[in-house]
Amino acid sequence: MAYPRRVQELIEDFTRLPGIGPRQAARFVYALLAKDESFLASFAGHLGSLKTETMLCRSCFRITEQRPDQTCEICSASSRNTDKILVVEKDTDVENFEKSGVFSGVYHVLGGSISTLEKNSAEKLHMRELFERVKSLAAKNEQVEIIIATSNNLEGNQTATYIERILEPLTVSVTRLGRGLSTGSEIEYADPMTLEQALQNRK
Ligand SMILES: [Zn+2]
């Protein structure tokens, strides 16, 4: 059975999102078809302005509201300890740490992890920016601590090792989240207690 052309196109769009197969995508498209025009117009508007109305924080590379100083509300808050940088893979990891309220430093969002399959995948991440950021911070402060909070899976561990290597020439303390995060677990889904323990047991 062939879908109508526009339906097929939208199904293909949805399947480009993580975790969405053709069947789930078709379900989305038919659910959209059941909505009224005004919802669809508003949905299309949100999609259309998603990129133009957000930006990357120039300090931590989180996706944030458009702000004149191009710095997110976490990086610009005076209450945050800017000498402690928690390095995470993605924005949703930051959201989870923020929700748990266990960390008062600032973040650095890599934009993914080092893939075992893809060559040079480290180049697509904000690694160079991390190095430069830590370097300039270390030049004016002796108590810089970098906490690597990548996921406890193959890619996450590879990424952590890579970060340790590039930061080695800089005289800063580099730690990794400790026990608490079970093997294969992702930061994004960890509960507050697990995050707190993993932070406390960093080494
Ligand atoms: Zn920021």
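Does residue 54 count as buried (at least 16 other Cβ atoms within 10 Å of the Cβ) and either of a type outside the set (Asp, Glu) or without any contact (Cβ under 8 Å) to a residue 40 or more places away in the chain (or both)? No. Inspect all residues belonging to segment 67-81 and state whether any of them is in contact with a Gly (Cβ under 7 Å, 6 or more places away or on another chain), within 14 Å of the ligand (Cβ to nearest atom) and either under 19 Å from residue 194 (Cβ atoms) or assigned to a strand (DSSP E or B) (or both). For segment 67-81, residues in contact with a Gly (Cβ under 7 Å, 6 or more places away or on another chain), within 14 Å of the ligand (Cβ to nearest atom) and either under 19 Å from residue 194 (Cβ atoms) or assigned to a strand (DSSP E or B) (or both): present.
Among the criteria (1) closer than 29 Å to residue 77 by Cβ; (2) in contact (Cβ under 8 Å) with a residue 40 or more places away in the chain, the one residue 158 does not fulfil is (1). If you go through segment 127-145 and keep only what is more than 16 Å from the chain's Cα centre (by Cα) and in contact (Cβ under 8 Å) with a residue 40 or more places away in the chain, you end up with 133, 134, 137, 141, 143, 144, 145. Give the residue that is nearest to the ligand (Cβ to nearest atom), with candidates limited to residues of segment 49-66 that are in contact with an Asp or Glu (Cβ under 9 Å, 6 or more places away or on another chain) and outside any loop (DSSP other than H, G, I, E, B). In this case the residue turns out to be 64. Any chance segment 89-97 includes a residue that's within 13 Å of the ligand (Cβ to nearest atom), in a helix (DSSP H, G or I) and more than 12 Å from the chain's Cα centre (by Cα)? No, segment 89-97 has no match at all.
Taking segment 100-203 and the strands (runs of 3 or more DSSP E) fully enclosed by it, the elements with 1 or more residues that are open to solvent by less than 70 Å² (accessible area, probe 1.4 Å), within 26 Å of residue 18 (Cα to Cα) and of a type in the set (Phe, Trp, Tyr) are at 105-109.
The values are calculated or read from the model by the stated rules, or taken from the named source; none is laboratory data. Here the structure is a predicted model, which means the values were calculated and not measured. Using ideal geometry, Cβ is built from the backbone for each residue, glycine included, and neighbour counts are taken over all protein chains shown. Quick note on the areas: whole protein, heavy atoms, side chains included, nothing else; ligands and nucleic acids left out. Shrake-Rupley method; radii C 1.70, N 1.55, O 1.52, S 1.80 Å.
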